[in-house]
1. Taking all protein chains as present, what is the carbon and sulfur share of the accessible area of the chain, in % to the nearest whole number, probe 1.4 Å?
2. Against the longest principal axis of the chain, how steep is helix 13-26, in degrees 0 to 90 to the nearest 10, with axes from Cα atoms?
3. If you rank THR3, THR47, THR36 by how much accessible surface each has, with a 1.4 Å probe, what is the order from largest down?
4. Suppose accessible area is computed on protein heavy atoms with a 1.4 Å probe; arrange GLU60, GLU25 from highest to lowest.
5. Let a ≥ b ≥ c be the square roots of the eigenvalues of the Cα gyration tensor of the chain; is it rounded (a/c under 1.5), or, if not, prolate (a/b larger than b/c) or oblate?
6. For the pair MET1 and GLN61, what calculated FRET efficiency results from E = 1/(1 + (r/R0)^6), where r is the Cβ-Cβ distance and R0 = 25 Å, to the nearest 0.05?
Amino acid sequence: MKTLHFKTNINCGGCIKAVTPTLNEQAGAGNWQVDTANPDKILTVTTDKLTPQQVVQAVEQAGFHIVAA
């Protein structure tokens with residue numbers, strides 16, 4: 001398993017709710033989290049199959065900005 005970190009604009013519970021279906025489908029429920037208390041809104045994904053580019057694409061498709069941390 002590898003751990004990927006990204007800076008995002010996912011900054012509230014509503015944003016997390018909006019991106020949850022996409023991230024659950026791509027990474028699996030329980031394999032990701034967003035630290036909304038961090039100024040950079042860090043998304044952490046634990047995966048053995050996804051590339052950073054796949055995570056970026058999934059989050060952007062959900063309507064959010066994301067860059068590798």
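1. On the way: 1910 of 3980 Å².
Carbon-and-sulfur percentage of accessible area, whole number: 48.
2. 10
3. On the way: THR3 75, THR47 5, THR36 50 Å².
Reading off the accessible areas and sorting them downward yields THR3, THR36, THR47.
4. Ranked list, largest accessible area first: GLU25, GLU60.
5. Rounded, because the longest to shortest axis ratio a/c is under 1.5.
6. Efficiency, from the Cβ-Cβ distance: 0.60.
The values are calculated or read from the model by the stated rules, or taken from the named source; none is laboratory data. Treat the numbers as computed from the prediction; the structure is a model and nothing was measured. Quick reminder, even Gly has a Cβ in these numbers, built from the backbone with ideal geometry, and neighbours come from all protein chains shown. Keep in mind that these areas ignore ligands, DNA and RNA; they rest on the heavy atoms of the full protein, side chains included. Shrake-Rupley method; radii C 1.70, N 1.55, O 1.52, S 1.80 Å.
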